[in-house]
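K.L.:
I am attaching a structure below and will ask some questions about it afterwards.
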Amino acid sequence: MSRPQHFGWFLARGFGPQGWGYPSLDWDYDWTRPEVYQEAARTLEQAGFDLVIIEDSPSLGSPETLDLRVRHAFGGPKHDPLLLAPYLFQATRHLGVVPTVNPAASLPYTSARQFATLQHLSGHRLGLNVVTDTGSARHFSDAPQLGHDEAYDRAEEWLEGIRQLWRSWDEGALVRDRETEVYADGGRMRPVRHRGTHYSFDGPLNALPFTDGEPAIVSPGGSGRGLGFAGANSDVQLALAPLHEASVRDYRARVHDAAVANGRRPEDIAILFAIQPVLVASAEEADRIVAASARPDEAALRQIARKQSSDLETDLTALDLDRPLDLSAFGGHVSRGSIQRLIGDRGEEAPLRAHLTALARTGRIADRTGFVGTAEEFADLIDELGEWGNDGVLLWGDFHPVTLHRTLDELVPILRRRGILRREYAEGGLQANLRAF
Ligand SMILES: Cc1cc2nc3c(=O)[nH]c(=O)nc-3n(C[C@H](O)[C@H](O)[C@H](O)COP(=O)(O)O)c2cc1C
């Protein structure tokens, strides 16, 4: 018997014009209106997903490379996912909704109040994907940009402050006695006084305490510091790692060790491995796609160059594909790790075409060289992850109806038949569903 697992959807390009540039995605919808997201959320709920996570970045990146980010809509425009959440809650009854939030962009008291409000409005279905990107610092103050670890320190101070505020109502503080006409007992509220490195504020919070748990904390950071943050704080960790047994077990052990080191239990964190499968009708079709991916045409290479230009904030589209990549094209703001990932083990002498071709190449799910395959083959992979103790899977894509249906139509019944995907939801919101098995 297969092990039941949790399923999430990562709305990978956030609340923005997803699908831009893909001819097959030219359906008549307006990304600035709630309907396309609501329809997708209903589909995910019908499929039995636990949650949807909405990617975000509050910034268009460095001022010198603005055009690269917006020209093909890879880096923006982008609207605020926190404000999309109520529309998705209204369209569904059980699905957890998890906007991405960055402590750089919000004050603990304001955030604690907004999140508490949404937790109540949604029937306890809110989650928060806490990220620590520092590139947008200039939009919020003129303080110097924090380093990687300092940004995690700030995130911990922010979350600790928010939790103190959420917990400012002691047991029994909410009285609601019609006889005595007492609504609440101020003597049972904690004052809360925080004077920290990054924030200073007083409580208590005026929003009500929760009946079915606090909003679920989700974290995506994979560095040592990121896993430490997850161990101390998260209900869900998003894992990006190779999907072979040693790597999956090692990743899980590192998160569990971090949890235990922080006085928590391994089962307090659901670890979801991120996967973006390309599901097709037959093994022959999968073979054809994989073979074609080794010989991408010029249009495919151009599309990859555009995406890389946005991600790396460096214009690769005007460069000669048949010459080695001149590393001086990259500004100081581009991380060496990102450049290294583009170049791989091909070295600096290889032409740009070789790097882009390598990015185009896909492999078969069946032989574990990639993510193209049939729904049955993909279900086999998920089954195997379950045998290694895996908690769940994070599927990755936009919210276009075509993307969702291509991914889910065949897969969902197969996963249900195998007992991997839930048939019903628990009562009590997102935390209850995450702890149901
Ligand atoms: C599945 C996944 C989702 C992520 N979503 C976001 C996001 O929405 N916004 C963001 O700024 N960073 C996002 N990140 C990046 C992380 O927050 C983080 O910046 C990155 O993993 C570096 O942190 P680390 O050094 O701890 O790995 C995501 C990463 C992963 C793996």
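Derivation of every value follows stated rules applied to the coordinates shown; laboratory data play no part. If you're wondering where the values come from, they're calculated on a predicted model, not measured in any experiment. Counting neighbours? That spans all protein chains shown, and the Cβs are built from the backbone with ideal geometry, glycine included.
K.L.:
Give me the distance in nm between label points sitting 7 Å out from Cα along the Cα-to-Cβ direction at residue 171 and residue 300, one decimal.
P.N.:
So the two model labels end up 6.2 nm from each other.
K.L.:
May I pose another question? Given the DSSP H assignment, sum -39500 (n - 2.57) over each helix run of at least 4 residues in the chain and divide by its residue total; what's the result at 222 nm in deg cm²/dmol, nearest 500?
P.N.:
For the chain, the value works out to -11500 deg cm²/dmol.
K.L.:
Which residue, 246, 105, 137, has the most motion in a Gaussian network model of the chain that connects Cα atoms within less than 10 Å?
P.N.:
Ranking 246, 105, 137 by mean-square fluctuation puts 246 first.
K.L.:
If amide H atoms are built 1.01 Å from N in the plane of the peptide, which residues on other chains or at least 5 residues away come under 5 Å of the amide H of residue 168?
P.N.:
Counting only residues 5 or more places away or on other chains, the set is 205.
K.L.:
Let me ask something else. To make sure I understand, if each residue's beta carbon is the centre and we count other beta carbons within 10 Å, what order do 367, 149, 380, 398 fall in, fewest to most? Before the final figure, lay out the partial values.
P.N.:
Numbers: 367 10, 149 13, 380 16, 398 24.
Placing the least packed residue first, the sequence is 367, 149, 380, 398.
K.L.:
Now for a separate question. Pick from 30, 56, 268: which residue has the top mean-square fluctuation in a GNM of the chain where Cα pairs under 10 Å get a spring?
P.N.:
30
K.L.:
Where the only charges are on Cβ atoms (+1 Lys, Arg; -1 Asp, Glu), what is the dipole of the chain about its Cα centre, to the nearest 20 debye?
P.N.:
That gives the chain a dipole magnitude of about 360 debye.
K.L.:
Around residue 271, which amide H atoms from residues at least 5 apart in sequence, or from another chain, sit under 5 Å from its own amide H, with H modelled in the peptide plane?
P.N.:
Here 237, 391, 392 satisfy the definition.
K.L.:
Of all DSSP beta bridges located in the chain, what percent are antiparallel, nearest 5?
P.N.:
20
K.L.:
Apply 1/(1 + (r/R0)^6) to the Cβ-Cβ distance of residue 346 and residue 160, taking R0 = 45 Å, and write down the FRET efficiency to the nearest 0.05.
P.N.:
Working: r = 45 Å, r/R0 = 0.99.
In this case the efficiency is close to 0.50.
K.L.:
R0 = 25 Å: FRET efficiency of residue 288 with residue 22, Cβ-based, nearest 0.05?
P.N.:
Given R0 = 25 Å and the Cβ-Cβ separation, E is 0.80.
K.L.:
A further question on this structure: Scan around residue 410 for amide H atoms under 5 Å from its own, H built in the peptide plane at 1.01 Å from N, and keep only partners 5 or more places away or cross-chain.
P.N.:
Answer set, sorted by chain and number: none.
K.L.:
Another one. Positive end of the dipole of the chain, charges at C-beta (+1 Lys, Arg; -1 Asp, Glu), about the Cα centre: which of 324, 282, 175 has its Cα farthest in that direction?
P.N.:
So the residue we want is 175.
K.L.:
Where does each of 110, 357 land when they are ranked from fewest to most other beta-carbon atoms within 10 angstrom?
P.N.:
The most exposed by this proxy come first: 110, 357.
K.L.:
Loop by DSSP (not H, G, I, E, B), at most 10 other beta-carbon atoms within 10 Å: where is the longest site-free stretch of the chain for trypsin sites (Lys or Arg not before Pro)?
P.N.:
It works out to 179-422.
K.L.:
Say R0 is 56 Å: what FRET efficiency, to the nearest 0.05, do residue 387 and residue 182 get from their beta-carbon distance? List each step's numbers first, then the result.
P.N.:
Values: r = 56 Å, r/R0 = 0.99.
Computed FRET efficiency for residue 387 and residue 182: 0.50.
K.L.:
Calculate one ³J(HN,Hα) per residue across region 389-405 by plugging θ = phi - 60° into the Karplus curve 6.51 cos²θ - 1.76 cosθ + 1.60, and present them in order as whole Hz with x for glycine and proline.
P.N.:
Couplings: x, 4, 8, x, 10, 10, 7, 10, x, 8, 10, 5, x, 5, 4, 4, 5 Hz.
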